[in-house]
1. Report the local net charge at residue 31: Lys and Arg +1, Asp and Glu -1, summed over other residues whose C-beta lies under 14 Å from its C-beta.
2. Note down the nm distance, to one decimal, between modelled labels 7 Å out along Cα→Cβ at residue 65 and at residue 254.
3. Please order 132, 26 by the number of other Cβ within 10 Å, starting at the fewest.
4. Taking segment 126-189, which trypsin sites (Lys or Arg not before Pro) meet the DSSP loop condition and have no more than 16 other C-beta atoms within 10 Å?
5. Arrange the following residues from fewest to most other Cβ atoms within 10 Å of their Cβ: 218, 90.
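Bear in mind that the values in this text are calculations on the coordinates, not laboratory data. All values reported here derive from a predicted model rather than from experimental measurement. Cβ placement follows ideal geometry from the backbone for every residue including glycine, while neighbour counts extend to all protein chains displayed.
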Amino acid sequence: MEDLASALLGTGLAAALGAEIAGRVEPPPYDPERDAETGVLNPGGIAAYSAALADAVGGVLDGGRFPLVLGGDCSVLLGNLLALRRRDRHGLLFLDGHTDFYQPEAEPAGEVASMELALATGRGPRVLADLEGRGPLVRDADVVALGFRDAEESAAFGMQPLPGALHAMELDTVRALGAAEAARRAVGLLSGDGAGAGYWVHLDVDVLDDALMPAVDHRQPDGLSWQELETILRTALASGTAVGLDVAIFNPRLDPDGTLTRRLADCLVRAFDAGA
């Protein structure tokens with residue numbers, strides 16, 4: 001997934017969006033040993049990286065621009081939300097095939113990419129759940145998790161339940177409502193009175209149907225169609241209250257001919273065209 005950004009930029013994505021490349025935030029060395037105190041991988045490194053990413057994203061925000069963060073795994077969400085938390089109260093539209101709400105003792109490998117939503121809402125080891133003493137980065141009631149389909153798996157592993165105040169719209173709900181209506185409801189929840197100064201959009205590409213997007217590292221059946229995802233993104237970006245977007249988990253090494261890379265870039269361009 002470390003090649004995600006270069007692969008997408010290699011399609012001409014920046015030019016197609018009329019975007020300026022603001023820079024790259026380099027991660028610290030990877031430590032494969034699970035931290036004994038916190039039970040997670042790389043807690044210190046991810047905390048430091050989150051602060052550096054927040055600095056970079058904050059610079060884009062302060063310039064009055066819309067940051068598009070091409071990340072590796074879902075832990076990049078913490079830096080993006082930290083940038084917002086430094087400034088005001090914001091919401092989160094969480095588009096992911098998984099709820100990523102694990103506590104360290106239930107996550108088999110200790111990966112922060114399986115617990116970033118829990119950490120962002122202030123649950124977990126303080127080094128990550130209380131970055132700069134600003135935790136939680138987002139309130140439960142200011143989150144809409146949309147499109148997830150991992151309820152059976154997460155329950156089997158003993159993941160903590162989603163809090164009642166968090167707005168959960170699993171894949172079956174999205175299908176019952178239709179993607180357009182589900183997206184409108186999500187935007188309404190994130191844009192109402194008291195909802196803060198806008199919302200961040202987190203896109204884990206495994207929210208897509210596995211048959212359409214197999215270039216991810218934790219595969220599971222079913223998921224959104226390309227059209228459903230595009231509809232949701234277009235609605236979110238056209239609302240006028242989205243303040244940034246990240247793209248995570250896509251692994252171009254599992255896309256040897258580049259077909260999925262180009263398709264993902266096209267989806268993003270069309271989504272932004274609608275929001276322009």
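1. So the surrounding residues net to -3.
2. Each label point is offset 7 Å from its Cα along the Cβ direction, giving 3.1 nm.
3. Details: 132 13, 26 7.
Starting with the residue having the fewest Cβ neighbours, the order is 26, 132.
4. Values: sites: 126, 134, 139, 149, 175, 184, 185; in loops: 134, 139, 149.
Answer in residue order: 134.
5. Values: 218 15, 90 24.
The order, fewest Cβ neighbours first, is 218, 90.
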